1. At q = 0.19, 0.22 Å⁻¹, what log₁₀ I(q)/I(0) does the range 319-428 have when each alpha carbon counts as one equal point scatterer in the Debye sum?
2. Round to the nearest 10 and give me the degree value, 0 to 90, for the angle of helix 83-92's Cα axis relative to the longest principal axis of the chain.
3. Explain nothing, just the number: relative contact order of the chain, from Cα pairs under 8 Å at least 6 residues apart, as a whole percent.
4. Using 1/(1 + (r/R0)^6) with R0 = 30 angstrom and r between the beta carbons of residue 98 and residue 321, what's the FRET efficiency to the nearest 0.05?
5. What's the exposure ranking of 164, 88, 418, 114, going from fewest to most Cβ atoms within 10 Å?
6. Just for the chain, what percent of DSSP beta bridges are antiparallel, to the closest 5?
7. Students often get this wrong: which residues of the range 402-428 have the backbone nitrogen under 15 Å from the point 7 angstrom along Cα-to-C-beta of residue 395?
8. Over the chain, what lengths in whole Å, largest first, do the semi-axes of the equivalent ellipsoid take, defined as the square roots of 5 times the eigenvalues of the alpha-carbon gyration tensor?
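Nothing in this text is a laboratory measurement; each read-out follows from the coordinates by a stated rule. Remember, predicted model here, so these are calculated numbers, not experimental data. Note: ideal-geometry Cβ built from the backbone for every residue, glycine included; neighbour counts use all protein chains shown.
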Ligand SMILES: Cc1cc2nc3c(=O)[nH]c(=O)nc-3n(C[C@H](O)[C@H](O)[C@H](O)COP(=O)(O)OP(=O)(O)OC[C@H]3O[C@@H](n4cnc5c(N)ncnc54)[C@H](O)[C@@H]3O)c2cc1C
């Protein structure tokens with residue numbers, strides 16, 4: 001049985017193949033192609049949508065890990081390496097990918113393949129850091145992706161081939177100071193917050209007036225104070241208390257839905273009476289990492305930056321007018337325009353809005369409402385998260401879809417790598 005992280009996507013593939021190297025990937029793909037079977041590359045199962053769902057053969061890439069080489073401003077890693085392993089390994093070399101995410105469980109190929117992003121107003125997602133890719137095509141041939149196909153393959157949805165190696169741009173790892181505090185919704189949405197830092201995001205709880213902001217900037221004191229045991233302990237305690245408050249609130253709100261508005265107001269107060277600096281000064285990958293304390297389902301939309309404020313306000317109002325018991329906050333992040341043909345931030349500076357629902361519950365009412373509101377603001381869904389789109393909406397939103405399809409026809413003409421969800425969003 002295959003299952004994703006949230007447990008919401010499950011399938012019973014006929015077989016699972018877990019190759020140890022690229023030769024194993026090629027053999028598995030060739031075998032499937034010869035037998036007329038579909039084979040779906042799967043990463044860490046972090047996607048909430050059925051994008052990775054293997055319906056015939058699952059190609060588990062979790063053994064294809066580790067550094068191929070590192071030098072100058074580039075690193076090349078095997079595709080199944082998790083972001084956590086990548087970050088730790090790079091840190092040993094004093095390096096970090098130029099656009100870290102705060103989630104560490106995905107594989108490198110899964111993360112770039114869906115456009116996984118953090119919240120950098122000036123730099124793009126992990127896909128934008130890709131400078132080279134090695135893939136196995138639908139006939140089982142390995143090749144280095146040519147430069148003129150890189151913008152198709154950097155956000156490839158697992159539709160063009162099996163990625164075996166990824167080359168990424170890296171920078172000397174910065175030391176970041178992370179701030180965390182309560183903001184009014186106006187302050188949270190203002191350019192001073194969202195554009196005024198290296199990283200900036202906020203959470204807006206339905207039924208609560210204020211928002212919780214988080215931001216990060218290069219530390220003036222480049223010596224990571226959190227290296228000391230006391231600092232590390234302090235940081236963990238602050239974070240755990242905050243995560244437990246929010247996580248506990250979600251669980252309590254699920255049991256007693258009518259308490260949700262009150263719980264959300266209490267959770268917002270966690271930010272204190274105004275902006276405070278959380279005592280976190282640490283290497284970037286440790287300062288930003290967030291560890292989930294509960295499991296959830298998620299839908300996230302990429303909007304033109306100018307639409308962010310109106311869309312967030314409209315969604316918060318719509319949730320409260322309908323009286324939906326939404327215990328998770330809206331998560332609001334930003335990113336620069338992307339070149340990836342199918343990246344949701346393609347061609348425009350972006351504001352991201354995510355909604356969450358407890359795993360195992362019924363996310364439909366919230367997700368349907370959010371997708372109606374956010375799509376009407378010219379939103380495009382995150383590929384790895386719940387959305388109702390079919391190829392008709394995708395074709396309207398992505399001007400380079402036909403070019404992407406042409407690359408797909410070249411590398412997987414017999415659709416060895418497809419699954420029903422991919423047929424729905426890209427066409428057969
Ligand atoms: C707790 C949690 C937090 C998250 N936080 C964020 C966040 O902050 N920002 C964000 O943008 N997303 C976030 N996500 C979503 C998630 O990171 C992405 O959906 C990502 O794709 C997951 O990577 P994965 O390795 O789990 O890939 P999977 O979900 O296993 O696969 C995703 C896609 O990649 C393809 N794929 C995987 N490996 C290969 C390969 N070797 N070759 C070709 N195709 C491949 C699959 O076929 C599929 O199409 C979060 C998810 C979770 C569970």
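1. Once normalised to I(0) and log-transformed, intensities are -1.08, -1.28.
2. It works out to around 80 degrees.
3. Working: 979 pairs, mean separation 80.9, N = 428.
It rounds to 19 percent for the chain.
4. Details: r = 42 Å, r/R0 = 1.38.
With a Förster radius of 30 Å, E is 0.10.
5. Numbers: 164 25, 88 13, 418 21, 114 29.
Ranking 164, 88, 418, 114 by Cβ neighbours within 10 Å, fewest first, gives 88, 418, 164, 114.
6. On the way: 64 of 72 bridges.
Among the beta bridges of the chain, antiparallel pairing accounts for roughly 90 percent.
7. Those under the cut-off are 402-406, 423-428.
8. On the way: eigenvalues 235, 130, 77 Å².
Working from the Cα gyration tensor, I get semi-axes of 34, 25, 20 Å.
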